[in-house]
Amino acid sequence: MQSATFAALATLSEAGHPVQSRVAFALDAGGRPISLVSTLAQHTQAITAHPQVSLLIGEPGDKGDPLTHPRLTLNGRAEILPNACPAHEEMAAQYLRRHPKAKLYIGFADFHFVRFQIDEAFLNGGFGKAYVLTPADLGLSA
């Protein structure tokens, strides 16, 4: 998670269908996954209605079968945080270290941080290397 800069975010549409989006990814000072989202985005509206989400982290390598490269699925709930929350400044500093170009829009009124509370995780390290992980395995509190 520490090296990931993007993730595939799966949310539920108003009709209850899964919808995936690519989002920028970072960790807050406590190691919890965060992203910066616009209230205009479909995935943000979906989170507001249904906070259950899934994140897929891990990119295929330049060579070889994409299924042999590790990927981590994080399941849990998303919480959209108000810009006035006490953690906003710390999250902004952490996020901008990973995504410096976000400085162009991080202050826009429609952008908010979303923090992901992870309930379960699945690590697929390639063929025959699948593991179920707990939040504690990831260094997160449950």
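The values are calculated or read from the model by the stated rules, or taken from the named source; none is laboratory data. Note that the structure is predicted; figures quoted are calculated from it, not measured. All Cβ positions, glycine included, derive from the backbone under ideal geometry; neighbour counts span all protein chains shown. Only protein heavy atoms, including side chains, enter the accessible area calculation; ligands, DNA and RNA are left aside. Shrake-Rupley method; radii C 1.70, N 1.55, O 1.52, S 1.80 Å.
Quick rundown of the values:
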item	result
Checking Tyr131 against (1) over 13 Å from the mean Cα position of the chain (by Cα); (2) part of a helix (DSSP H, G or I); (3) hydroxyl-bearing (Ser, Thr, Tyr), the condition it does not meet	(2)
Check on Asp110, over 12 Å from the mean Cα position of the chain (by Cα), open to solvent by less than 60 Å² (accessible area, probe 1.4 Å) and either modelled with pLDDT under 90 or within 15 Å of Val37 (Cα to Cα) (or both)	yes
Boolean, Leu140 is under 18 Å from the mean Cα position of the chain (by Cα), surrounded by 15 or more Cβ atoms within 10 Å (Cβ to Cβ) and part of a loop (DSSP other than H, G, I, E, B)	yes
Of all residues in segment 1-28 being touching a Phe, Trp or Tyr at 6+ places or on another chain (Cβ under 7 Å) and open to solvent by 40 Å² or more (accessible area, probe 1.4 Å), the one that is nearest to Ala41 (Cα to Cα)	Arg22
